[in-house]
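Everything below concerns the one structure shown next.
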Amino acid sequence: MAAAGENGNGATGAAEAANVPPVPELPEVPTVDLSLPERIASFKQELLAYLGELVPPGEPPWDIATFEGYGRGLVATRDIAVNELVFVDRPVLVGPRVNNYEVIFCASCCSILRRLQLCTGGCRLPICSRCDYSVGASSPHAAECALIQSWQPKDAGRYSKNILYALTSIRGFLLSERDRSIVLQMEGHPPRKEMTTEIERLLKDGYFWNLDGEGPAVRYLRQVVNILNTNAFETSRIVADEENNQHEIILRGLYILGALMNHCCRPNVRYVFDGELRMRVHASRPIKKGEQIMNNYSKILWGSQHRIIHLCFSKNFLCCCDRCKDPTEFGTYLGALKCVRESCPEGRLLPVNPLKISSVWRCDRCSLKMDNIKASKIQEIASRMIMNNAIKREASHIIDYLNDHIVKFLLPTNQFTVELKLQAIKKIQSDRPLVELREKEKYCLEILDILQRLNYGECFVKGVLCYELFVTRVTIAQLLNESEIATETSNLDQLRTAWQILKPSGNRPRDLQQLVVTYGIE
């Protein structure tokens, strides 16, 4: 087997050159019951030490406890008011997600690269000149590059997207002893049999000369992958290219405190990520002392069957919350289908037992029954049609499709109809014709009504919709020469709500703050 410097990467003595300490002996994954009171107490102290100044003086409004049917979770130690900041968290691990990207960016700082520029260290990753291994120990990429070099990458002069996708997990080797201890105390569900993780892909395709598939390093990597897949959040950086065009680089981050929030399809918090990728969690509804602090692991505007399937396959549990138990989802009918009988135009097909994926469906008007396989097929077809008619189509096409076609086979509040409306809201900008702006206004109001029925409170989606509704109404007022529309109290309330919710976000609309100043909201 070749030595580390004999594979064409010119990286002999990589770790020494970058002044990178050797990777410490890997600890064993904890085997004791992590829900024991003494383990929770020590885990909380480690977590508080990690968060440091992000935790304000005094007792935080949260604690870690165990809950029957949930395991560990967060509990409110006092009453928490709506919109109150519950906690701030920072990622212990963050990096590229396992997916394709539309732009080339630096694996370290995420700056946009005009062309593919590989790290001179031979790690096969795209790196900007400021982060390149040749910069030395001051480069934030130096340690991870030296680690990858120690495994002796094959084809060192070629880009590897699979090493890029594994980078977040690889960074787990560079954690301090305390941080690694925190990570290893998180749940890590093994992947499904049909799933090939980023680590298994590297091993299967033989990317390294010196990475033992059965050795301790790979065992540790697999555990980190499992923990990331179970607990990681999607976050992002907004970066500008040389023409000052902004791009959103989607990342994934492991936020320990955030991951301790258990799931509910009607959560009581919202979260955003600020410009430093810190997670800021606010109460979206009032939270009583002793109540669990709950997040939503799924998409809030998905129907129950889609949420159940997603949670079952990605998070290994079934949700039994009040929303999941109600076939109508509090009268929103997000998961309902239009009755297939021509003689029953107002009928809605609903699962008899929404908690069972195999449930029979029945019309609420004519009592027509349909098996789950056929109902799932209709949903699959609807999903494909939405994808084909939303992602790459003009706003005008989406509007026509909603008005002329969707109504024939989907309910106006079905999740796929709502998804199309969200796509239209995103695509209808201020320079579009009045008729399109009116449609956008209507879609915003319809989806806000759904959120109200779900009792979702001051959630993130509400903030986005309130912003879009305000901007649309201002534009309509300008077109009609009716400036008083823009300054009506109800419309200013939309802007105020949008600012309250989106203000801490690093990805908030670029003109939001200026609108707040212009209209005197603060």
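Observations, loosely collected:
- Overall form of region 149-267 per C-alpha gyration tensor (a/c, 1.5; a/b vs b/c): oblate
- Using the average count of surrounding beta-carbon atoms within 10 Å as a protection proxy, the listed peptides 272-280, 173-181 rank, highest first, as 272-280, 173-181.
- With DNA, RNA and ligands ignored, accessible area of His141 (1.4 Å probe; Å², nearest 10): 0 Å²
- Count of lysine pairs in region 24-297 with Cα separation under 24 Å (8 or more residues apart, or interchain): 6
- Heavy-atom SASA rank of Lys154, Lys392 (probe 1.4 Å, accessible area, largest first): Lys392, Lys154
- When shorter helices are ignored and each DSSP H run of at least 4 residues is given -39500 (n - 2.57), the per-residue value for the chain at 222 nm works out to -11000 deg cm²/dmol.
- Helix 489-502 vs. the chain, principal-axis angle (Cα, 0 to 90°, nearest 10): 20 degrees
- On Cα atoms only, tilt of 216-231 relative to the major axis of the chain in degrees: 20 degrees
- Portion, in percent, of the accessible area of region 24-297 that falls on carbon or sulfur, probe 1.4 Å: 48 percent
- Size of electric dipole in the chain: Cβ of Lys, Arg +1 and of Asp, Glu -1, about Cα centre, debye, nearest 20: 1340 debye
- Reported label for calculated Cα extents along the principal axes in Å given (i) 140, 51, 39; (ii) 85, 66, 46; (iii) 75, 53, 51: (iii)
- Proximal charge balance of Gly258 [Cβ under 11 Å; K/R count +1, D/E count -1]: +2
- Per-residue extension of 0.36 nm, minus the Cα-Cα distance of Phe330 and Asp205, leaves a gain of 40.1 nm for this segment.
- Fully extending the segment from Asn99 to Asn83, taken as 0.36 nm per residue of separation minus the present Cα-Cα distance, adds 2.4 nm.
- A Cβ-based charge dipole, computed about the Cα centre of region 38-172 with Lys and Arg at +1 and Asp and Glu at -1, lands at about 900 debye.
- Anisotropy class of region 390-484 from Cα gyration tensor, a/c 1.5 cut: oblate
- Per-residue 3J(HN,Hα) values for region 398-408, derived from phi via the Karplus relation 6.51 cos²θ - 1.76 cosθ + 1.60 with θ = phi - 60°, read 4, 4, 4, 5, 5, 7, 9, 10, 4, 4, 6 Hz in sequence order (x marks Gly and Pro).
- Among 288-294, 414-420, sorting by the average number of other beta carbon atoms lying within 10 angstrom of each residue, highest first, gives 414-420, 288-294.
- Acute angle (nearest 10 degrees) that the helix 304-315 long axis makes with the longest principal axis of the chain, alpha-carbon atoms: 10 degrees
- Annotation: Arg348 carries an accessible surface of approximately 60 Å², with a 1.4 Å probe and no ligand, DNA or RNA atoms counted.
- Region 178-230, accessible area per residue, ligands and nucleic acids excluded (1.4 Å, Å²): 49 Å²
- Taking the protein heavy atoms of region 433-509 in the context of the full set of protein chains, the accessible area attributed to carbon and sulfur is 49 percent at 1.4 Å.
- The heavy atoms of Ser314 present about 40 square angstrom of accessible area, all protein chains included, probe 1.4 Å.
- Ser383/Ser483 FRET efficiency (R0 60 Å; Cβ-Cβ; nearest 0.05): 0.90
The values are calculated or read from the model by the stated rules, or taken from the named source; none is laboratory data. Note that the structure is a prediction, hence the values are computed from the model and not measured. In this analysis, Cβ positions are derived from the backbone assuming ideal geometry, glycine residues included, and neighbour counts consider all displayed protein chains. Just so you know, the surface numbers come from the protein's heavy atoms only, side chains and all, with ligands and any DNA or RNA stripped out. Shrake-Rupley method; radii C 1.70, N 1.55, O 1.52, S 1.80 Å.
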